[in-house]
Every structure is written in structure tokens, then in C-alpha cells.
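Here the structure comes first, spelled out in C-alpha cells, and everything after it is commentary.
The values are calculated or read from the model by the stated rules, or taken from the named source; none is laboratory data. Since the structure is predicted, the reported quantities are computational estimates derived from the model, not experimental observations. Positions of Cβ are backbone-derived with ideal geometry, glycine not excepted, and every protein chain shown enters the neighbour counts. The protein model used for the area step is the full one, side chains on, heavy atoms only, and it has no ligands, DNA or RNA in it. Shrake-Rupley method; radii C 1.70, N 1.55, O 1.52, S 1.80 Å.
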Amino acid sequence: MALNIKNSAVEELAEEVARLAGETKTEAIRRALAEQPHDPQAHALLGLCLAKQEKLPEAQAEVEQAITLAPDWDHAHYCRSVVLQERRRYADAEAAARGWPSLHAELRRIDPATAARLAPADAQRIQRALEVWRLSGRPLSSWHRCGPRDG
């Protein structure tokens, strides 16, 4: 998988530390985070590393943590966009392998109300409904019923 990630001094340093310690870059960053858990750069970089490994839910959590720690840091928002792009690419590949009717059936199990109003071939809306559920843990219909602040 080829991610569009800007090379940075932090990433180069993580690679060097990992090489010297005989561990993967992901392991080196996790070790650094154990010592400094409030480092937004490390969270963002770990999110990108996890995205490269297709561990997309973990990657999403790490970049969201970077944004929480440094909401005005543009690079954290860039990292979030990279991870979201990978999640969409993964969803497209899943659709190609399984077919939209299969994903519609999955949506029917997760969110019957939304699935009932979507045609089995409505690729864009099925993908979005599944994306909302995967990112938030809530079905799209619950967002429509309650809104973002209600639970």
C-alpha cells in the first residue's frame, strides 16, 4: 500500500531509533509514547504507521488523539485525512471483493432503518453509512434521530 505521507524529521528520527534498537518503527514510537503519552507528533506518526499496516481503527484513534492534544496543529489534521482516505480505499476494495449487495446485507444487520431506505446497489450511500458506523460506533440512523450530542 502506498500512502501519501510527507516525510518529516520526526519520521526520519523514528526510523533511525527503530533501526538502532532493532525494532520496528511502530514499536519505537509506542515505546516513546509510553514515556511521553502527551506527544501529539508521536501519536500522529503512530497513526500513519498503523495505517500503512492497514490497522485502520487503531490508526484513526491515534490521529484523533494527536488532534485532541494539539487541535491547531495542521499536520495532525493532515494525518487524519490520510487515514480517512485509506479507510475509504479499504472500503472500495472490500466492495470490489464482496459486492455491494453483500455490504448492504451487512448494513441491514448493523442499521436496519438506514438499510431499508437504501437500494442494494446504492454504493455511495451504503459506503457512507458503513463508514459512519465504523468511525463512530453508532448507526447513521441514530445520528439522524438524536443528533451528534445525544447518545
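When the range 47-151 is described by a simple charge dipole with +1 on each Lys and Arg Cβ and -1 on each Asp and Glu Cβ, the residue from A91, P101, L130 located farthest towards its positive end is P101.
Per-residue accessible area (protein heavy atoms, 1.4 Å probe) orders L45, L135 as L135, L45, starting from the largest. A straight line joining the Cα centroids of the range 107-128 and the range 129-145 runs 11 Å. Starting from the Cα gyration tensor of the range 43-151, take the square roots of the eigenvalues, sort them a ≥ b ≥ c, and report rounded, prolate or oblate (rounded when a/c is under 1.5, otherwise prolate if a/b is larger than b/c, else oblate). In terms of gyration-tensor shape, oblate. For the range 90-151, place one equal point scatterer on every Cα, skip the solvent, and apply the Debye formula. What is log10 of I(q)/I(0) at q = 0.15, 0.17, 0.20, 0.24 Å⁻¹? Treating every Cα as an identical point scatterer, log10 I(q)/I(0) equals -0.41, -0.51, -0.69, -0.95.
Across every direction, the projection of the convex hull enclosing the Cα atoms of the range 32-80 has a mean area of 2.9 nm².
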